[in-house]
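Undergrad: Can you keep this structure in mind? I'll have questions shortly.
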Amino acid sequence: MGARNVQIAEQVPASRKLGLDAALELVTGADELIVAKGRKVEQIKLGNTDAETAAAAMLGPTGNLRAPTLKVGRTLIVGFDEESYERMFGKG
């Protein structure tokens with residue numbers, strides 16, 4: 001994130017497993033969710049989707065929160081998608 005001059009407010013080590021409760025907490029207070037799973041990118045307007053469904057989309061096959069997870073304003077980006085990062089932060 002240094003190439004894009006983004007300040008990291010909180011960094012959680014991968015050894016700390018975050019599950020459904022953490023995903024639900026992140027969804028609260030967000031308006032949009034962008035989830036990247038491989039080449040598939042899903043954009044979810046959270047006003048139109050219940051929190052449980054949105055939180056479940058954020059979890060990987062092991063039931064843990066996908067990495068990386070970013071909260072930018074009222075938008076959550078889960079998983080890595082270069083186009084989403086460029087829209088949020090500009091080209092690096």
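Undergrad: Here is a list: Arg39, Arg16, Arg87, Arg66. Which entry is on the phi < 0 side of the Ramachandran plot, of a type in the set (Lys, Arg), buried (at least 19 other Cβ atoms within 10 Å of the Cβ) and free of Cβ contacts under 8 Å to residues at least 40 places away in the same chain? Lay out the reasoning, then the answer.
TA: Values: Arg39 fails: buried (at least 19 other Cβ atoms within 10 Å of the Cβ); Arg16 fails: buried (at least 19 other Cβ atoms within 10 Å of the Cβ); Arg87 fails: buried (at least 19 other Cβ atoms within 10 Å of the Cβ).
That would be Arg66, the only listed residue that is on the phi < 0 side of the Ramachandran plot, of a type in the set (Lys, Arg), buried (at least 19 other Cβ atoms within 10 Å of the Cβ) and free of Cβ contacts under 8 Å to residues at least 40 places away in the same chain.
Undergrad: Go through the stretch 33-92 and give me each residue that's part of a helix (DSSP H, G or I), more than 20 Å from Gln7 (Cα to Cα) and of a type outside the set (Ser, Thr, Tyr).
TA: Within the stretch 33-92, the subset part of a helix (DSSP H, G or I) is 46-48, 51-57, 82-89.
Applying the additional criterion that residues be more than 20 Å from Gln7 (Cα to Cα) yields 46-48, 51-57.
Once the filter is applied, which keeps residues that are part of a helix (DSSP H, G or I), more than 20 Å from Gln7 (Cα to Cα) and of a type outside the set (Ser, Thr, Tyr), the stretch 33-92 yields Leu46, Gly47, Asn48, Ala51, Glu52, Ala54, Ala55, Ala56, Ala57.
Undergrad: Turning to a different aspect of this structure: Residues of the stretch 42-55 being touching a residue at least 12 places away in the same chain (Cβ under 8 Å) and either within 11 Å of the chain's Cα centre (by Cα) or closer than 14 Å to Gly79 by Cβ (or both), which ones?
TA: Those that are touching a residue at least 12 places away in the same chain (Cβ under 8 Å) and either within 11 Å of the chain's Cα centre (by Cα) or closer than 14 Å to Gly79 by Cβ (or both): Glu42, Ile44, Ala54, Ala55.
Undergrad: Scan the stretch 5-12 and tell me whether some residue there is surrounded by 15 or more Cβ atoms within 10 Å (Cβ to Cβ), out of contact with any Pro (no Cβ under 7 Å at 6 or more places or on another chain) and free of Cβ contacts under 8 Å to residues at least 60 places away in the same chain.
TA: no
Every read-out reported here was derived from the displayed coordinates using simple, explicitly stated rules and does not represent laboratory data. The shown structure was predicted, so the numbers you read here are calculated from the model rather than taken from an experiment. For neighbour counting, all protein chains shown are included, and Cβ atoms are generated from backbone atoms with ideal geometry for every residue, glycine included.
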